[in-house]
Structures are given as C-alpha cells and as structure tokens.
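Only one structure is covered here, and it is reproduced in the block below.
The values are calculated or read from the model by the stated rules, or taken from the named source; none is laboratory data. What you see is a predicted model; the values in this text were computed from it and never measured. Don't worry about glycine lacking a Cβ; one is built from the backbone with ideal geometry, like all the others, and counts go over all protein chains shown. All accessible areas refer to the heavy atoms of the entire protein, side chains included, with ligands and DNA or RNA removed. Shrake-Rupley method; radii C 1.70, N 1.55, O 1.52, S 1.80 Å.
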Amino acid sequence: MQRVHGLSQRRACGLIGMDVSSYRYRPRRSDDSALRERLRALAGLRRRFGYRRLGWLLEREGAKVNLKKVYRLYREEGLAVKRRRGRRRAIGARAPIVVPQELNQRWSLDFVSDQLANGRRFRLLNVIDDFNSECLASVPDFSLSGLRVIRELEAIIAHRGKPAMIVSDNGTELTSNAVLRWAADDSAGRCGMLGGLTSRRPEGEPAMPLRWEISHSQKLVHIVAEGPVTLKDMEAHFDAIVVADAMPYAKLFDASDVQPIYDDHDVLMMGARLSAYTATLEAGPLAVVAKTDAARAAFARFVNMSPSKRPAMLFDTEAEARAWLAGQAKS
C-alpha cells in the first residue's frame with residue numbers, strides 16, 4: 001500500500017488494522033550454540049529419542065528451555081528420528097558390564113511374547129537378578145505400559161530391596177517419560193536405570209578401549225581403560241555419565257594399561273566439553289591409577305587444561321586410589 005498508493009507507514013497500518021510496533025518488530029534470538037551442541041550430544045547418545053524426551057533430559061540437567069524451542073532446534077539440526085529400514089548393527093561406543101558380585105547389584109528387564117490358541121498375542125515382563133539368574137518376576141498381560149512396569153518394579157523392591165542398577169534395552173515401555181522420571185527420582189531412594197547405556201561384550205570379541213560401571217548406591221563411577229583410547233572414546237564416556245546423573249559421583253579411572261591417542265588439542269576439546277558440563281553440574285573427585293609415562297603425561301595435561309576445580313590425584317595402585325576417594329567422601 002505504501003508503494004502503490006504512496007501512503008505513510010502509519011496510515012497503511014491503520015487501514016489494515018495492524019499495530020505499527022508489530023510491523024516494525026524484528027526478531028532477536030539469543031545465542032543457542034551451547035544448547036544446540038548439548039542437544040546434538042544427547043541425540044547421538046539416545047538415537048531413538050524424540051524431541052520431547054530429549055527436552056526432558058535437558059530439563060533434568062538444569063536447562064530452562066521451552067518445549068517448542070527444543071522442537072525448533074531439533075528440526076533445524078536435522079535430528080528427527082528416521083524410520084527404521086531393516087536391522088542394522090548399532091554404532092558408537094559401548095561399555096561392557098562388570099560381572100555382579102552380590103545380590104541386588106544389577107537387575108535386567110526384558111519382554112518376551114507369545115500368542116494364545118485363538119491368535120491373540122500377549123507379553124511377559126521378566127525381571128532377572130544377574131548375580132544368580134533368579135527370576136524375580138514374570139508378569140503376563142495383553143498390555144504392559146511404562147506405568148505398569150513401574151508398579152511391578154516397586155512391588156519387587158518393597159519385599160526384596162532396591163538394586164544398585166537396572167539395565168534394559170531401548171524398548172518404548174522401558175524408555176518412556178514415566179519410567180525415566182521414576183528412575184531419576186532420587187528423593188524416593190530409587191536405583192539408577194540405564195536403558196541402553198551399557199552392554200555385555202560377547203565372548204571372543206576384543207575388549208572395548210574404555211568401559212565403565214556406574215554404582216548409584218556407592219555414588220562411584222569405575223572406569224577401566226585398555227589399549228588405545230581416543231578423543232571419541234572419552235566423549236562417549238562423558239556423555240554417558242552425564243545422562244546417568246553421575247557427574248557428582250567419585251570417579252576411579254584405571255589407566256594401568258591405557259595407550260592415550262590424543263594430543264594437547266584433543267585435551268583442550270575434552271576440557272571444553274567438561275566445562276560445559278560443570279557449568280551447571282558439580283564434578284566429583286577423580287582418582288587415576290597410572291603406571292606408564294604416557295598415561296601419567298596425559299593425566300597431567302588433562303588436569304592442567306581442565307577448567308574443573310574438583311580434587312584429582314594420581315596413584316600407583318587401585319587400593320591407594322580407593323582409600324583416597326573414601327577420605328574425600330568423609331571430608
């Protein structure tokens with residue numbers, strides 16, 4: 001109207017019923033680079049999670065962000081979950097689980113299915129104690145939702161006690177919002193539930209370069225490094241610990257047989273990632289067991305370049321490291 005009829009801006013806005021301030025408004029979006037990077041990291045770790053569950057993970061880390069904004073960034077970064085096209089081998093770093101040494105140290109959940117004579121299918125939720133392979137429950141039903149899984153687990157915990165860890169696959173019932181919130185509710189004294197964050201290493205396969213076990217009951221992360229360890233291995237380890245809410249826990253890093261394959265630039269990259277984590281999360285004490293000069297040099301570079309002010313010490317034996325961590329817990 002301004003170009004055709006030669007009207008002023010105010011006159012043209014008045015004729016079409018638009019406020020002048022609305023016409024002159026220009027969007028001013030904040031810098032979301034850190035949020036985008038964290039969203040990409042979580043999406044890479046939880047490959048089958050949509051924007052709603054990723055938004056909940058961000059909220060659990062302390063990020064105050066609207067779900068609509070999470071959806072916008074999710075679409076702009078191209079993180080939409082693609083439709084499955086056949087079965088493919090999973091990619092990414094996986095950490096083998098340490099064999100449990102006592103009851104209630106680790107439970108496993110999984111579903112099996114069958115059908116009745118009339119063709120109607122049903123499912124069974126199986127809960128196994130991995131120490132002695134005891135079946136704690138086998139719940140049959142035609143429908144087993146996430147809320148039903150929670151009720152059955154609470155019934156088992158009521159008479160058997162709380163496990164240190166629960167492992168499962170990435171089934172929808174076991175990674176629903178209800179189950180994730182239940183597992184993260186520390187006020188109720190519940191165990192940590194790691195859906196797809198850990199895995200067993202089949203016999204005959206080579207050992208993973210970096211594996212870890214998170215004990216929520218002891219508030220301890222035990223990391224074992226064997227052979228060549230790269231920057232990518234360390235980043236996968238950082239992401240898994242953050243998702244499991246284990247950043248404040250004490251960390252025992254056994255680097256006796258490690259061969260670090262990273263330089264000062266890679267250490268700076270790890271320091272930057274750790275800085276982003278510790279901006280909102282507390283980092284627990286770190287005890288490293290190292291016997292080679294290469295491992296000791298890598299530890300020194302990491303401590304010098306890391307922005308975190310947490311206590312960190314180098315030891316020759318695991319016993320000394322555990323004793324020091326026990327003293328840090330008491331102080």
Worksheet item: In terms of solvent-accessible area of protein heavy atoms at a 1.4 angstrom probe, what is the ranking of GLU102, GLU134, highest value first?
Response: GLU102, GLU134
Item to complete: Quote to one decimal, in nm, the extra length available between LEU35 and GLN9 on full extension: 0.36 nm per residue of separation minus the C-alpha distance between them.
Response: 5.5 nm
Item to complete: Would you mind putting 111-124, 33-46, 229-242, 315-328 in packing order, based on average other-beta-carbon counts within 10 Å, highest first?
Response: 229-242, 33-46, 315-328, 111-124
Discussion item. Rounded, prolate or oblate, given the Cα gyration tensor of segment 1-50, with a/c below 1.5 counting as rounded?
Written reply: prolate
Discussion item. So if each residue of separation counts as 0.36 nm, and I subtract the Cα-Cα distance between HIS265 and GLU76, what length gain in nm does that give?
Written reply: 65.1 nm
Worksheet, complete the sentence: By the Cα gyration tensor axes a ≥ b ≥ c (a/c under 1.5 gives rounded; else a/b larger than b/c gives prolate, otherwise oblate), the shape of segment 216-263 is oblate
Worksheet item: If r is the Cβ-Cβ distance from GLN218 to MET313 and R0 is 25 Å, what FRET efficiency results, to the nearest 0.05?
Response: 0.85
Worksheet entry | FRET efficiency estimate (nearest 0.05) - Cβ-Cβ, ALA297 to VAL99, R0 51 angstrom | 0.95
Response to the item:
Non-local residues with an amide H under 5 Å from the amide H of LYS291, with H modelled 1.01 Å from N and Pro and chain starts lacking one, are none
